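The values are calculated or read from the model by the stated rules, or taken from the named source; none is laboratory data. Since the structure is predicted, the reported quantities are computational estimates derived from the model, not experimental observations. Cβ placement follows ideal geometry from the backbone for every residue including glycine, while neighbour counts extend to all protein chains displayed.
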Amino acid sequence: MGILTDDAIEQLASQIAAVDCVVTAGGVVAMRPLIVHASSKIADRGAETRLAHRIRGTHGHGALSRTREGLMIRTRRQFLPHLRICDTFDANVLANAILGTLASSAMLDKLKERGFELQFESHAASILERDFPVALTDIERTLLSFEVPIAEIIGSGGGETKGTQRLRKALADLGWPFKIYEIKKTINGVPRESISHEIDHVKAFKGEWEGTKDIALEIEWNNKDPFFDRDLENFKRLHVEGAISVGIVITRGTSLQKGMRDLVTRYAREQGINSFDDLTRLGIGLTHPQRADLERRIKRTKDFGESWASVFVASKFGEATTHWRKLMDRVSRGVGSPCPLLLVGFPGEIVTFRATAETGEAEPVAIEEPTP
């Protein structure tokens, strides 16, 4: 519509009936940009109306107005879904209100554009969008900056890469630390059962409820695939007990899993891996079974680099490890239900070759089985 003239605003006001949105004294109204609205004080005509905050973010501008005696916002009925009203000026509640207003229609869109796989289960999308938009912002912001140099994948030997460690630190810095939940049950005052659940990352959120509510998050870069059962069952139990509101699992996505051999083959080409001596030069070790498998493959393909890439990927990132399809298998069987879940799959695009080009070598590594 462009910039509305005074006449256009008057015409809009005459065509669509206004709706009053009343907030008590000290409360906050957060709204999307470009909403046609007007404000008036409820009491004490001399009371000051103060603009408390103006937000510029990924999804535009928003304004927050707060008064000493109360505030009434007049807006159009179709704009009501784009308003959030808070009766407290708590900073955490305020942040949730703002982000819930500004970001609801573009939930994790930037991750989708970059190729991340996303799946919501048991109304997780509605819960996160309405009550925990800060959690969505944390996840999107952290994952958008996440990348793993191919040399770290080779140097990890299939275990947790330095990139995954950086991701964990980034989440911890945003208030997602490791947490242990202990659930104790008693009968007539007699302790009967005590169960503890360890979660890699948990963040507590304040909102339009008493106390805090937790979101739990697990990163499964390259474990044995039964770890998915552990994570999902933990989420289920904690959700049933009221300890968490949503569980999040992040793992290797389809494009990363299917493209891993091509990525490692490219590394082999760039590093000139054409013999066992080249592997020794780069500090890449082989177990006896892997060496025998590599020799058999070389006889068939006559291509040392491609054969080594196949052996490496098969032994380190095989079907029995944690990746998107294995996660979907469990979710489709109802593992973790009814806990609301956000499932995220890393795309192949997170793997970079810049570090390889700069250093010209990988870190020394003795190849081992995936680390639990």
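Remarks
- Qualifying residues in region 233-247 (those that are buried (at least 24 other Cβ atoms within 10 Å of the Cβ) and aliphatic (A, V, I, L, M)) - the one nearest to T321 (Cα to Cα): V246
- Of the helices (runs of 4 or more DSSP H) lying entirely inside region 249-334, those containing at least 2 residues that are within 23 Å of T164 (Cα to Cα) and not polar (S, T, N, Q) span 254-271, 304-316, 324-332.
- Contacts under 8 angstrom Cβ, first residue in region 287-308 being without any contact (Cβ under 8 Å) to a residue 40 or more places away in the chain, partner surrounded by 14 or more Cβ atoms within 10 Å (Cβ to Cβ) and not in a helix (DSSP H, G or I), 6 or more apart: L294/L286; F304/I273; F304/N274
- Among the residues of this structure, W324 does not count as one that is over 21 Å from the mean Cα position of the chain (by Cα) and at pLDDT 95 or above.
- Members of region 210-239 that are in contact (Cβ under 8 Å) with a residue 12 or more places away in the chain and over 30 Å from S315 (Cα atoms): K213, D214, I215, A216, K236, R237, L238, H239
- Here F178 fits the description: surrounded by fewer than 17 Cβ atoms within 10 Å (Cβ to Cβ), in contact (Cβ under 8 Å) with a residue 12 or more places away in the chain and aromatic (F, W, Y).
- Matching entry among R168, R130 (being in contact with a Gly (Cβ under 8 Å, 6 or more places away or on another chain) and assigned to a helix (DSSP H, G or I)): R130
- Entirely in region 175-235, the strands (runs of 3 or more DSSP E) that have 2 or more residues that are at pLDDT below 95 and small (G, A, S): 190-199
- Residues in region 264-280 that are touching a residue at least 60 places away in the same chain (Cβ under 8 Å) and surrounded by fewer than 21 Cβ atoms within 10 Å (Cβ to Cβ): 2 in all.
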